[in-house]
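Just below is one structure, and these are the notes that go with it.
The values are calculated or read from the model by the stated rules, or taken from the named source; none is laboratory data. Remember, predicted model here, so these are calculated numbers, not experimental data. Here the Cβ positions follow ideal geometry from the backbone for every residue, glycine too, while neighbour counts run over all protein chains shown.
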Amino acid sequence: MLKIENLSFSYPRRREPVVDDFSLDIAEGGIYGLLGPNGAGKSTLLYLISGLLTPRSGKVLFKDKNTRLRLPETLNDIFIVPEELTLPAVKLDSYIKMNAPFYPRFSREDLQRHLATFEVDDIARYKLTSLSMGQRKKVFMCFALACNTSLLLMDEPTNGLDIPGKAAFRRFIASSASDDRIIVISTHQVRDIDRILDHVAIMDRHSLLLNESISTITDKLAFLNTADRSLIDNALIAQPGLGNAQIIVANDGSYDTEVNLETLFELATTRRDVIDSLFNSKKA
């Protein structure tokens with residue numbers, strides 16, 4: 001459904017490319033976590049995917065169409081939620097009237113359902129600019145999901161949300177996942193999304209370090225919190241804590257654990273030999 005081919009991009013007056021010969025395939029729907037260190041180009045990659053930036057080389061194909069061509073049939077099927085957003089000084093109903101016609105599958109019923117999940121279904125009488133940053137973000141994300149596009153890109157969506165808001169975000173994203181929709185979430189707040197992902201992609205500026213489904217990752221790796229010194233000493237990676245350590249060990253089939261994204265990220269960025277041997281056989 002989404003194919004990124006040898007993508008490179010540099011901002012003006014910067015010698016170093018932000019994205020350099022980067023490739024990624026997403027063949028089916030689901031919730032994808034896009035992780036990477038600061039400066040890896042995650043936000044830039046989302047804008048390149050949406051067609052808002054022009055790559056120096058390479059291309060992005062969404063349903064076999066180059067997104068940079070900004071064709072109407074592509075634009076009405078992609079929605080991007082930026083980290084920072086500005087909304088006009090209008091009420092929600094006016095905002096819907098101005099923007100919903102661009103998205104043929106927009107649903108007011110879905111919008112009301114999403115607003116209720118976030119407990120902001122009473123804001124219709126207020127101008128959007130009078131809302132707090134967290135409320136504005138909730139309303140905008142609800143509108144984004146209600147557009148029912150096949151590709152939804154979200155950059156740091158939980159920034160600005162309080163603890164109940166983050167819990168509501170997980171519920172409303174999980175309830176909107178489907179086989180014919182791709183949701184890509186780029187974030188540093190990995191604890192906000194680790195239990196709702198179907199797939200994890202970890203990138204640096206030049207390459208894709210890991211691109212696997214959650215089920216494949218947990219088939220090959222076990223994520224444990226333990227004080228057992230023998231397990232810690234033989235772990236692929238260990239993060240010390242108070243008394244216990246968060247570790248990753250090879251899964252011999254005896255473990256059934258959930259992914260810890262923080263530890264997985266550290267493994268991918270510091271032990272690439274392990275990642276390559278387990279997941280990237282061509283690189284190995």
Screening Asp20, Asp93 for residues that are under 30 Å from Gln135 (Cβ atoms), acidic (Asp, Glu) and not in a loop (DSSP other than H, G, I, E, B) leaves only Asp93
Per the filter on the stretch 252-272, residues within 26 Å of the chain's Cα centre (by Cα) and more than 17 Å from Ala201 (Cα to Cα) are Asp256, Thr257
Residue set Phe79, Phe22; condition of a type outside the set (D, E, K, R) and at pLDDT 95 or above; output residue Phe79
Tell me, yes or no, whether the stretch 53-61 has at least one residue that is charged (D, E, K, R), under 20 Å from the mean Cα position of the chain (by Cα) and assigned to a loop (DSSP other than H, G, I, E, B). no
Only one of Thr129, Thr86, Thr54 is loosely packed, with under 14 Cβ neighbours inside 10 Å, hydroxyl-bearing (Ser, Thr, Tyr), in contact with a Pro (Cβ under 9 Å, 6 or more places away or on another chain) and over 30 Å from Arg272 (Cα atoms), namely Thr129
Condition set farther than 25 Å from Ser132 by Cα and basic (Lys, Arg), scope the stretch 143-195, selection surrounded by the most Cβ atoms within 10 Å (Cβ to Cβ): answer is Arg181
_If I filter the stretch 180-190 for residues that are touching a residue at least 12 places away in the same chain (Cβ under 8 Å), among the polar types (S, T, N, Q) and either assigned to a loop (DSSP other than H, G, I, E, B) or within 20 Å of Ile275 (Cα to Cα) (or both), do I get at least one hit?_
yes
For the stretch 103-130, pairs from a residue that is touching a residue at least 24 places away in the same chain (Cβ under 8 Å) to a residue that is assigned to a helix (DSSP H, G or I) and among the aromatic types (Phe, Trp, Tyr), with Cβ under 8 Å and 6 or more apart or across chains, are Leu111/Phe143; His114/Phe172; Thr117/Phe172; Phe118/Phe169; Phe118/Phe172; Leu128/Tyr95
Quick count over the stretch 133-165, residues being assigned to a helix (DSSP H, G or I) and in contact (Cβ under 8 Å) with a residue 60 or more places away in the chain, is 2
Here the qualifying pairs (Cβ atoms under 8 Å; residues six or more apart or on different chains; first in the stretch 217-238 and more than 21 Å from Val200 (Cα to Cα) and hydroxyl-bearing (Ser, Thr, Tyr); second part of a strand (DSSP E or B) and modelled with pLDDT under 95) come out as Thr226/Ala245; Thr226/Ile247
